[in-house]
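The block underneath contains the structure these notes are about, expressed in structure tokens.
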Amino acid sequence: SLFLLTFIVACVGVLLTLTVFFKIKTVNIAGAKVYADSKILAESGIETGESLFSVNEDKLNEVLPQKLPYIKSVKVVRKLPDTLTIEVTATRETAAFPQGTSYVLVDETGKVLNKNASMLRENVALVSGVQPKNIVEGEKISLGKDDINKDFSTVLSTLKSSGFKGVTEIVLTEKGEFKLIYEDRITIKLGSMENLDLKLQRAKVAIDKENRINPY
């Protein structure tokens with residue numbers, strides 16, 4: 001029938017568009033420069049000559065943040081007829097586990113960024129009271145029990161999203177609860193993870209009030 005013929009022609013046209021007409025000639029890396037462009041391109045597996053529409057953004061977001069841990073996510077932008085751009089969003093360390101003379105750095109999701117760092121940046125909290133069980137760069141760190149892993153990720157992500165700064169240490173107690181040490185001088189007992197964002201807001205208000213009275 002005419003409808004079937006039209007459908008087949010349309011399918012062939014789409015297939016040709018995806019496989020023949022638009023081949024990658026140029027790949028650009030944009031956004032955060034956390035790795036050399038050549039390294040990102042190599043790990044992406046993208047090659048010139050392949051179809052512009054064969055690149056899978058979801059697949060890249062699985063592969064690149066694992067192989068190159070300081071990448072948080074990527075976005076694929078196609079510009080016809082032959083240019084592909086990978087836009088990189090970076091992540092950075094939020095907490096660190098002391099390991100002898102070095103540190104294991106993790107971001108706000110608990111992903112290991114560096115398992116053998118020699119120094120710390122500012123505003124990175126040390127984690128004490130627990131030893132990590134799984135230290136693989138590009139994968140989430142394991143602290144043993146699932147509920148502790150979940151709570152640890154909640155603490156990190158809430159600290160990040162709330163903008164609460166000044167935490168110098170995160171302590172896991174023997175009861176499996178978390179405490180925050182603010183500027184090495186004030187202890188914040190978190191209790192359960194329920195309403196953690198609200199708790200941190202209240203803690204900040206209380207700390208700001210005390211700091212106005214005596215910042216030491």
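Laboratory data are not the source of any read-out in this text; all were calculated from the coordinates shown. The shown structure was predicted, so the numbers you read here are calculated from the model rather than taken from an experiment. Glycine gets a Cβ as well: all are built from the backbone with ideal geometry, and neighbour counts include every protein chain shown.
Given DSSP loops and a limit of at most 13 other Cβ atoms within 10 Å, what is the longest stretch of the chain that contains no such trypsin sites (Lys or Arg not before Pro)? Spell out each step's value before the answer.
Numbers: sites that count: LYS25, LYS33, ARG121, LYS133, LYS145, LYS165, LYS175, ARG185.
Counting at most 13 other Cβ atoms within 10 Å as exposed, the longest clean stretch of the chain is 34-120.
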Please compute the net charge surrounding LEU60, taking Lys and Arg as +1 and Asp and Glu as -1 over other residues with Cβ under 10 Å from its Cβ.
-2
Nearest 10 degrees, 0 to 90: helix 2-16 Cα axis against the chain principal axis
60 degrees
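Using the beta-carbon distance between ALA117 and ASP208 and R0 = 22 Å, what value does 1/(1 + (r/R0)^6) give for FRET efficiency, to the nearest 0.05?
Values: r = 32 Å, r/R0 = 1.44.
Given R0 = 22 Å and the Cβ-Cβ separation, E is 0.10.
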Taking springs between alpha-carbon atoms closer than 10 angstrom, which of ILE29, ILE186, ILE71 fluctuates most in the Gaussian network model of the chain?
ILE186
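Determine the alpha carbon to alpha carbon distance for each of LYS79/LYS160; LYS67/LYS111; LYS115/LYS189 and list only those over 23 Å.
Working: LYS79/LYS160 34 Å; LYS67/LYS111 12 Å; LYS115/LYS189 28 Å.
Exceeds cut-off: LYS79/LYS160; LYS115/LYS189.
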In a shell of Cβ-Cβ distance under 12 Å around VAL136, excluding VAL136 itself, what net charge do Lys and Arg (+1) and Asp and Glu (-1) give?
+3
Options (i) 48, 26, 15; (ii) 32, 22, 18; (iii) 46, 19, 17 for semi-axes √(5λ) of the Cα gyration tensor in Å; the value derived from the coordinates is listed as (iii)
Subtracting the Cα-Cα distance of ILE186 and GLU47 from 0.36 nm times their residue separation yields 44.7 nm
Between VAL136 and LYS179, how many nm apart are label points set 7 Å from Cα along the C-beta direction?
3.4 nm
Interchain or sequence-distant (5+) residues whose placed amide H lies within less than 5 Å of the amide H of LYS23 are LEU52
Percent of Cα pairs exceeding the 21 Å cut-off, where the set is the range 30-153
45 percent
ASN116's amide H: which non-local residues (gap 5+, or another chain) put their own amide H closer than 5 Å, with H modeled 1.01 Å from N in plane and none for Pro or chain starts?
LEU105
Debye, to nearest 20: dipole size of the range 84-216, +1 on Lys, Arg Cβ, -1 on Asp, Glu Cβ
260 debye
Any idea what angle helix 196-213 forms with the longest principal axis of the chain, computed on alpha-carbon atoms, 0 to 90 degrees, nearest 10?
50 degrees
Given the DSSP H assignment, sum -39500 (n - 2.57) over each helix run of at least 4 residues in the chain and divide by its residue total; what's the result at 222 nm in deg cm²/dmol, nearest 500?
-10500 deg cm²/dmol
Charge dipole (the chain, unit charges on Cβ, about Cα centre) - positive-most of ASN56, VAL167, PHE97
VAL167
Loop GluC sites (Glu not before Pro), the range 90-129 (other Cβ atoms within 10 Å of the site Cβ: 12 or fewer; DSSP):
GLU122
Could you work out how far helix 146-162 tilts from the main Cα principal axis of the chain, as a 0 to 90 degree angle to the nearest 10?
90 degrees
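Of all DSSP beta bridges located in the chain, what percent are antiparallel, nearest 5?
Details: 29 of 40 bridges.
For the chain, the DSSP antiparallel bridge percentage is about 70.
Can you give the local net charge around THR158? Use residues other than it whose beta-carbon is closer than 10 angstrom to its beta-carbon, Lys and Arg +1, Asp and Glu -1.
On the way: positive: LYS160, LYS199; negative: GLU108, ASP197.
That works out to 0.
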So how far, in whole Å, is the C-alpha centre of the range 156-213 from the one of the range 61-121?
25 Å
Report, ordered by chain and residue number, the aspartates and glutamates lying within cross-link reach of LYS150, taken as a straight Cα distance under 20 Å and ignoring same-chain residues fewer than 8 apart.
GLU93, ASP107, GLU108, GLU137, GLU139, GLU169, GLU174, GLU177, GLU194, ASP197
Taking every DSSP beta bridge that has both residues in the range 16-97, what percent is antiparallel when rounded to the nearest 5?
60 percent
